[in-house]
Amino acid sequence: MVKETLYRYKDIIPDFDTFLQAIKSRRITTVRWNPHKVARKELIEELKECFAHVESISWYKDGFRLGYVEKPGKTLYHALGHYYIQEESAMAAALALAPKKHSLVLDMCAAPGGKTTQLSALMENTGTVVANDKAIARLKSLVANVSRLACVNVIVSWNDATKLDTSERFDYVLVDAPCTAEGNLQNKITLMPRETRETLSSLQKALLKKACELTKPNGTIVYCTCTFAPEENERVVAAILEEQEVKIEKIGISVPHEKGLESFGKEFYGEELKKAIRIYPHHLNSGGAFIAKLKKKG
Amino acid sequence: MQNLRKKVEEYFAQFGIPKKAFKHFEFLERGSSIWLVSKDLKKVEGFNIQTFGLRILHTTKWGLKPTSFALQFFAPYIKKRICSVNERELLDLIKGKPLEKSMEAGYVALKFRGKIIGCALSDGKMIRSQLPKLLMQIFTELLETTDKI
């Protein structure tokens, strides 16, 4: 069933058989250093004490591959917030946003807080990260992670991001949009139906539109999902490029990836969309991700 | 604001935490909680705010109480009021069993395997866990399922 549904991507994913294989494969555990609680050198020693294999991620020195680990969270150092367990592909979005120290950042759909705590780390616990989520149930894990990792520059808020009514304007906005999560199929029993994809596409567009409104002129927006569906990725970004005062920019990180799509089936998104990136499970033995970086015009 | 800084600095001095440990931070008091925040944290309008930065103190009917996450964060500076526990003692504390230990009454920093892990309360003769549910759950799982702690 899953395999059949994924066949719609046969013509857009190079090395399709490798991709299918990677979808089914067990994934390498990766973790990210939390600089608020421990020195990097000390963390490496701690990880080596607990795990047989510890390797710095080539494209991101603060991330570490631990090989195939059963329970990476069951260590004293995890309890103390020295590291955060995060899929390698999920580490790319915050790096693409690259917030400067002392800036004002909005993470619109923040729970459980992986990208929020990474943004906090990138900003060296300065400035402000507003970590928002709509689901009260998910806020518990967000607050727990922000506390465990001691992110003193994070404000947690509970709002429907599409309906935010604020005069605040942000230097950086991250839209980690709800999606069909095809990139994390390994953890799912079935794919979501096509109708869900269409509904989500509308929500994603509304979130990205609101992000454009809440960003300062010359501010940066990163839109990301963990799905392969172009309807939730390139289609959403293309629509926003059409109607909002934003332009798409190249993403300056060296994570292995494919370019965004110019078209899919009968839909044409535009050459500019090649500046977005698509990370497939076989790139990193991790989940999938789509990332687009937008700049609000001055 | 200066009064709040003084209140926090004076409170944590009992653990040996120097004033300089707080110099890069600011404080916010909301209700019964005091939060540690970044110096330039913006008080954003129009958001339904749940938390600010890291909650470090809260007021109880017996006075101020430090949070376990605050003691973890300032661990490198903590020199006083430390209660070291082994695996069995920590598990007992988590299970609600007081630990016989003669210490000055008041809140103490629990130390386990060389790391400050959180808060406990001493009445002079006995120590009781003040770890939040989240940490109690994490440490219970750790102690019961692995020796890699």
Solvent-accessible surface ranking, highest first, for B:GLU141, A:GLU231 at 1.4 angstrom = B:GLU141, A:GLU231
inquiry  = For chain A, set up a GNM with springs between Cα atoms under 10 Å and report which of A:THR75, A:THR117, A:THR128 has the largest fluctuation.
reply    = A:THR75
request  = Pick out which of A:SER201, A:SER263, A:SER286 has the largest mean-square fluctuation in a Gaussian network model of chain A, springs linking Cα atoms closer than 10 Å.
outcome  = A:SER263
1.4 Å probe accessible area per residue over chain A, in Å² = 40 Å²
message = Restricting everything to alpha-carbon atoms, can you work out Rg to Rh for the protein assembly as shown with a Kirkwood hydrodynamic radius?
response = 1.00
note = Rg/Rh of the range A:28-86 (Cα atoms, Kirkwood Rh), to two decimals, equals 0.90
query = In the range B:61-88, which residues become less accessible by 40 Å² or more once every protein chain is in place, relative to the chain on its own, using a 1.4 Å probe?
reply = B:PHE69, B:GLN72, B:PHE73
key: Principal axis dimensions, largest first and in whole angstrom, of the range B:1-79 by Cα   = 42, 30, 23
ask   = Mind listing the Cα extents of the range B:81-149 along all three principal axes, in Å, largest one first?
value = 33, 22, 18
key: Percentage relative contact order, the range B:1-79, counting C-alpha pairs under 8 Å, at least six apart   = 26 percent
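Defining a contact as two alpha carbons under 8 Å apart and six or more residues distant in sequence, what relative contact order in percent does chain A show? Don't jump to the answer; show the numbers that get you there.
Details: 616 pairs, mean separation 53.3, N = 298.
Taking the mean separation of contacting Cα pairs over the length of chain A, I get 18 percent.
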request  = With the full set of protein chains in place, find how many percent of the accessible area of the range A:200-298 is carbon and sulfur; take the probe as 1.4 Å.
outcome  = 47 percent
ask   = Computed over the Cα atoms of the range A:134-261, what is the ratio Rg over Rh, Rh following Kirkwood?
value = 0.97
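Where both residues lie in chain A, what percent of DSSP beta bridges are antiparallel, nearest 5? Present the calculation step by step, with values, prior to reporting the outcome.
On the way: 26 of 44 bridges.
Counting DSSP beta bridges with both partners in chain A, the antiparallel share is about 60 percent.
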key: Shielded by partner chains, the range A:143-179 residues - at least 40 Å² of accessible area, 1.4 Å probe, vs chain alone   = A:SER147, A:VAL152, A:ILE155, A:VAL156, A:TRP158, A:GLU168
note = On the accessible surface of chain B, probed at 1.4 Å with all protein chains in place, carbon and sulfur together account for a percent value of 50 percent
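Please report, largest first and rounded to whole Å, the three semi-axes of the ellipsoid equivalent to the range A:103-182, where each semi-axis is the square root of five times an eigenvalue of the C-alpha gyration tensor. Mind dumping the intermediate values first?
Numbers: eigenvalues 62, 50, 28 Å².
Semi-axes, largest first: 18, 16, 12 Å.
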query = In the range A:107-134, what residues drop by 20 Å² or more in accessible surface going from the chain by itself to the full protein assembly, probe 1.4 Å?
reply = A:ASN125, A:GLY127, A:THR128, A:VAL130
note = Any lysines whose Cα falls less than 22 Å from that of B:LYS80, other than same-chain ones fewer than 8 residues away, would be A:LYS37, B:LYS6, B:LYS7, B:LYS19, B:LYS20, B:LYS23, B:LYS65, B:LYS101, B:LYS111, B:LYS115, B:LYS125
Candidates A:LYS140, A:LYS266, A:LYS247: whichever shows maximal mean-square fluctuation once chain A is modelled as a Gaussian network with Cα springs under 10 Å = A:LYS266
ask   = Counting only the heavy atoms of the protein chains, how much of A:THR5 is accessible to a 1.4 Å probe, in Å² to the nearest 10?
value = 40 Å²
inquiry  = Heavy atoms of the protein only, probe of 1.4 Å, neighbouring chains included. What is the accessible area of B:TYR77 in Å², nearest 10?
reply    = 80 Å²
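With N set to the number of residues, divide the alpha-carbon radius of gyration of chain B by 2.2 N^0.38 Å and report two decimals.
Values: Rg = 16.2 Å, N = 149, 2.2 N^0.38 = 14.7 Å.
In units of the 2.2 N^0.38 Å rule of thumb, it is 1.10.
In Å², nearest 100, what accessible area do chains A and B bury in total when the solvent probe is 1.4 Å?
Details: alone 13440 and 9110 Å², together 19480 Å².
Using a 1.4 Å probe on protein heavy atoms, the buried area is about 3100 Å².
The values are calculated or read from the model by the stated rules, or taken from the named source; none is laboratory data. Here the structure is a predicted model, which is why all the values come from computation and not from measurement. In case anyone asks, the SASA skips ligands and DNA or RNA and just uses the protein heavy atoms, side chains included. Shrake-Rupley method; radii C 1.70, N 1.55, O 1.52, S 1.80 Å.
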